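The values are calculated or read from the model by the stated rules, or taken from the named source; none is laboratory data. No experiment lies behind these values; they were computed from the predicted model shown. Counting neighbours? That spans all protein chains shown, and the Cβs are built from the backbone with ideal geometry, glycine included.
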């Protein structure tokens, strides 16, 4: 019974090339789906087999029937006379596979084939999208804002959609429809609807990836980012060190006429970035981290990782920063507790 055509086989071969779904796998799913459709539409619950010729597209339906003297039409039975037309050696009690002709099944087969192929293509696209992004967690992606649902922003990342959840958004940033943003891919998870990609604009690693993008010396490993402390949308401190004596790590990050750092600040919509020179000498590193304030001296309590920092009275507010932000970021950057004191005027934290 010729239900499918060679055109379908050609289509399956094209899908195999373009989507990476093996033709044999498609045929197996199609056979199983056709079997279910046949049983559903013709009320035959068992003893049915469907075969598709992968070269011609022919589909054949077989029923297992017992050879009996007087067949009961309500049962899968066949007379000895009819059985011997199929197999001259047939005898009573044998079970034969008998082809079932059915013109009506052609329309059902065509519809089922369409549904199965569509389903498999969607599954393959979802799997391909998952594989595309599964190994990219922690990488920088470019997304275009497509829509908002509540406070969640959805971005088109190319082959999949990224979810920018409220906690991953930068306070004060407005995500306009059609706006293009650099985002950090945080996690990739499989779901029945395809891969779910959680992206971030607030993660400190986003800043690291932007520096790798804009500063060749960091991308090449000649300048290293030691640590990052960030309050998204407001201010970030980045500690950098050079692996080559002739390279100034701060100058490399700033770039000619500030071009490199300005590109990063633009992408972060004006977020202030302090580039701090890293030092193995913790006193020096803490002093640098409190930039732009000028530090007189630093005393360390190594056991408790506590640093007392002494500044001139006119540098105290600058060292602490607005609402304590400068001191707070310096503490995060160095991973030390910092107590800032004005020389000779008591202390303020």
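Take the residues in the range 143-161 that are closer than 13 Å to residue 198 by Cα and out of contact with any helix residue (DSSP H, G or I) (no Cβ under 8 Å at 6 or more places or on another chain); name whichever of them is surrounded by the most Cβ atoms within 10 Å (Cβ to Cβ).
Our first condition is that a residue be closer than 13 Å to residue 198 by Cα; within the range 143-161, this holds for 143, 152-157, 160-161.
If we keep only those that are out of contact with any helix residue (DSSP H, G or I) (no Cβ under 8 Å at 6 or more places or on another chain) as well, we get 143, 153-156, 161.
Working: 143: 24, 153: 27, 154: 18, 155: 23, 156: 16, 161: 19.
Result: 153.
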Study note, to complete from the structure: Within the range 186-227, the count of residues that are surrounded by 21 or more Cβ atoms within 10 Å (Cβ to Cβ) and over 23 Å from residue 135 (Cα atoms) comes to 3
Check your understanding: Is there a residue being touching a residue at least 12 places away in the same chain (Cβ under 8 Å) and over 30 Å from residue 225 (Cα atoms) anywhere in the range 197-210?
Key -> no
Check your understanding: Does residue 256 count as closer than 25 Å to residue 171 by Cα, surrounded by fewer than 18 Cβ atoms within 10 Å (Cβ to Cβ) and either without any contact (Cβ under 8 Å) to a residue 24 or more places away in the chain or in the same structural domain as residue 316 (by TED's automatic domain parsing) (or both)?
Key -> no
Revision key, fill the gap. Sole miss for residue 240 among (1) touching a strand residue (DSSP E or B) at 6+ places or on another chain (Cβ under 7 Å); (2) modelled with pLDDT of 95 or more; (3) not assigned by TED's automatic domain parsing to the domain that holds residue 253 is condition (3)
Point to revise | Test: residue in the range 95-117 that is touching a strand residue (DSSP E or B) at 6+ places or on another chain (Cβ under 9 Å), modelled with pLDDT of 85 or more and not assigned by TED's automatic domain parsing to the domain that holds residue 185 | key: yes
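Would you mind finding the one in 271, 302, 323 that is within 21 Å of residue 225 (Cβ to Cβ) and either without any contact (Cβ under 8 Å) to a residue 40 or more places away in the chain or buried (at least 16 other Cβ atoms within 10 Å of the Cβ) (or both)?
From the options 271, 302, 323, the qualifying one is 271.
Of these, 226, 167, which one is out of contact with any helix residue (DSSP H, G or I) (no Cβ under 6 Å at 6 or more places or on another chain) and over 18 Å from residue 271 (Cα atoms)?
Numbers: 167 fails: over 18 Å from residue 271 (Cα atoms).
Just a single option satisfies the conditions, and that option is 226.
Within the range 48-88, work out how many residues are part of a loop (DSSP other than H, G, I, E, B) and surrounded by 15 or more Cβ atoms within 10 Å (Cβ to Cβ). Lay out the reasoning, then the answer.
Start the filter on the range 48-88 by keeping residues that are part of a loop (DSSP other than H, G, I, E, B), which leaves 53-58, 69-76, 87-88.
Adding the requirement that they be surrounded by 15 or more Cβ atoms within 10 Å (Cβ to Cβ) leaves 57-58, 71, 76.
The number of residues fulfilling the criteria is 4.
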Review point. Conditions: (1) modelled with pLDDT of 85 or more; (2) out of contact with any helix residue (DSSP H, G or I) (no Cβ under 7 Å at 6 or more places or on another chain); (3) within 30 Å of residue 202 (Cβ to Cβ). Residue 132 meets all but one. Number of the miss?
Key: (1)
